[in-house]
Amino acid sequence: MSCHLRNLLDKAVAETVNSYSKNHGNSLTPKQGHANPERHSLVSEKKKVFLHRASLLDDLMEVEHFRTIYHMFVAVLCVFVISTLAVGFIDQGRLVLDFDLLLYTFGQLSTVAWSWLCLFMYTLLVPYRAMYWWGSLYPNSNHPLVLSVAVGGLLLVCYISVLGVFPIYVVTQYKLPPASSSIILIEQIRFVMKSYSFLREAVPRILFKEKKEVQLPKFSSYLYFLFCPTLIYKDSYPRTPCIRWNYVAKNFAQFIGCLFFGYYIMGTLCIPFFTNMSKQPFSTKTLVLSIFHAILPVFTLISIFCFLSDCALNAFAESLVFADRMFYKDWWNSTSFSNYYRTWNVVVHDWLYHYLYQDLLWLCRQRFRTGVMLTVFFVSASVHEYVLILSLGYFYPVMFCLFAIFGVLFNIMINDKRTSPIWNVMVWTFLFIGQGIQLCLYFQEWYARIHCPLKEVQMHIECKLHRDLSEEREERETGKFHSLVIFSSHSYMDNQVVQCPPTC
């Protein structure tokens, strides 16, 4: 009941703030209202409103029945640990916890650390200094357009070099494992989104204010923004009165526990199955069964991901006394995919809505809303696929196709008009199947490249061609030339698979 009352109160406060802003804007004097007529047409009117509110899972944890479900997940983790210890004791006569896969996935952390430090120092210093220098010169400049183009062009070159090329170079040059690569790439995207939000919010102030009214953002506000769990820049945010360090420690402990939970799920339910599957002949039946086999781990991994993001964001928010903890909404109750996309990750959705959707809609003069929506889907799917390509080390656009094609279709077909509970069942069904397809196909491609590397296949092809050419030359010299038998590509590749090593 308290959760519902708090949500109603938050909505009432947000509506009051919005109505006050509109009334305040309408009550301006003619001189004030028309001092900058272009400002309202260039700057989006809908702004993010930050409120003092707790995380949704924290509210749910106050309900005893939901705490019991959480305790069941903890018990499952304990069962995985006990089973691992029991198997190790039976096989080796001692208690063994094998973390080889975890150590491999998060390998080369020193490289990740100095790479992240380079990205952070650039994001901290260069965008702010460029904005500050430009903002100081722009009001009194005789050639503001030339100044803006010069500073913007130089900043764009720096962005491409440091936040664009540098992370890709580190990931590919040092051959980082998947988790370490994902850390660098996700931080790269986060820094790009944060710095863009800062510039997007700060530049209009300088462009559309009188010279005496120009007030540049403080460096301390920008530094705080780089760490707080939001992608929308504001000079100030609602704060909590104090830091609950026991709450911070609890969330970090839960974060570590979720990592181990995901590790045991992958090592117990996924890797043994797909390792054995990759050694068997491929068939449609095997593919379908493997997809449905992956659905159970997918459900657990989705739950783990939610706890991971919730624990990490809440820990940083509490450490920084950041009061607005609405990082997601009740996406699990969604009866439409459009609502699911809006509530699954509110932090990213806010950035896409305010800086991509609204700005593109303004550029199109409030027309072509469907085209703008498709553009947002395409950008989001491309960024997700970009992270997967560099993390896994190969191009296999399963995520892109499911997100940019089927995700758009489901967003149109299963829309907000669907309110019956049966549509919630449909949303979960399609989520399970889609995530199961991704998990299955990515695992199959990973082990296919291990058991049958592309370099070895290429070497076999080159040897075969060289041998055929040598035989043809010999037959011509002896006068016994006969036409070469052309093998079908299917039987030829079967021969190559047989010659590949059975294991890595």
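Can you tell me how many residues in the range 376-428 are over 22 Å from the mean Cα position of the chain (by Cα) and either surrounded by fewer than 14 Cβ atoms within 10 Å (Cβ to Cβ) or assigned by TED's automatic domain parsing to the domain that holds Y169 (or both)? Walk me through how you get there before you give the answer.
Taking the range 376-428 and keeping what is over 22 Å from the mean Cα position of the chain (by Cα), we get 412-426.
Narrowing further to those that are either surrounded by fewer than 14 Cβ atoms within 10 Å (Cβ to Cβ) or assigned by TED's automatic domain parsing to the domain that holds Y169 (or both): 412-413, 416-417, 419-422, 425.
Of the residues in the range 376-428, 9 are over 22 Å from the mean Cα position of the chain (by Cα) and either surrounded by fewer than 14 Cβ atoms within 10 Å (Cβ to Cβ) or assigned by TED's automatic domain parsing to the domain that holds Y169 (or both).
Is one or more of the residues making up the range 183-190 touching a Phe, Trp or Tyr at 6+ places or on another chain (Cβ under 9 Å), modelled with pLDDT under 90, buried (at least 18 other Cβ atoms within 10 Å of the Cβ) and not acidic (D, E)?
Residues of the range 183-190 that are touching a Phe, Trp or Tyr at 6+ places or on another chain (Cβ under 9 Å), as a first pass: 183-185, 187-189.
In the following step, the residues that additionally are modelled with pLDDT under 90 were identified as none.
Within the range 183-190 (the criterion being touching a Phe, Trp or Tyr at 6+ places or on another chain (Cβ under 9 Å), modelled with pLDDT under 90, buried (at least 18 other Cβ atoms within 10 Å of the Cβ) and not acidic (D, E)), the answer is no, since none of the residues qualifies.
Look through L51, L28, L95, L8 and report the one residue that is at pLDDT below 70, over 26 Å from F208 (Cβ atoms) and part of a loop (DSSP other than H, G, I, E, B). Working first, answer last.
On the way: L51 fails: at pLDDT below 70; L28 fails: over 26 Å from F208 (Cβ atoms); L8 fails: part of a loop (DSSP other than H, G, I, E, B).
Checking each option against the conditions leaves just L95.
In the range 273-308, of all residues being part of a helix (DSSP H, G or I) and within 11 Å of F443 (Cβ to Cβ), the one that is modelled with the lowest pLDDT corresponds to M277.
In the range 408-427, the residues that are more than 20 Å from F378 (Cβ to Cβ) reach residues that are assigned to a loop (DSSP other than H, G, I, E, B) and of a type in the set (A, V, I, L, M, F, W, C) with C-beta atoms within less than 8 angstrom, at least six apart or across chains, in these pairs: W423/I414; M426/I414; V427/I414.
Going by what's in this entry, would R369 be described as more than 18 Å from the chain's Cα centre (by Cα), of a type in the set (D, E, K, R) and not assigned by TED's automatic domain parsing to the domain that holds Y196? In short, yes.
The values are calculated or read from the model by the stated rules, or taken from the named source; none is laboratory data. Quick caveat: nothing in here was measured; it's all calculated off a predicted structure. For neighbour counting, all protein chains shown are included, and Cβ atoms are generated from backbone atoms with ideal geometry for every residue, glycine included.
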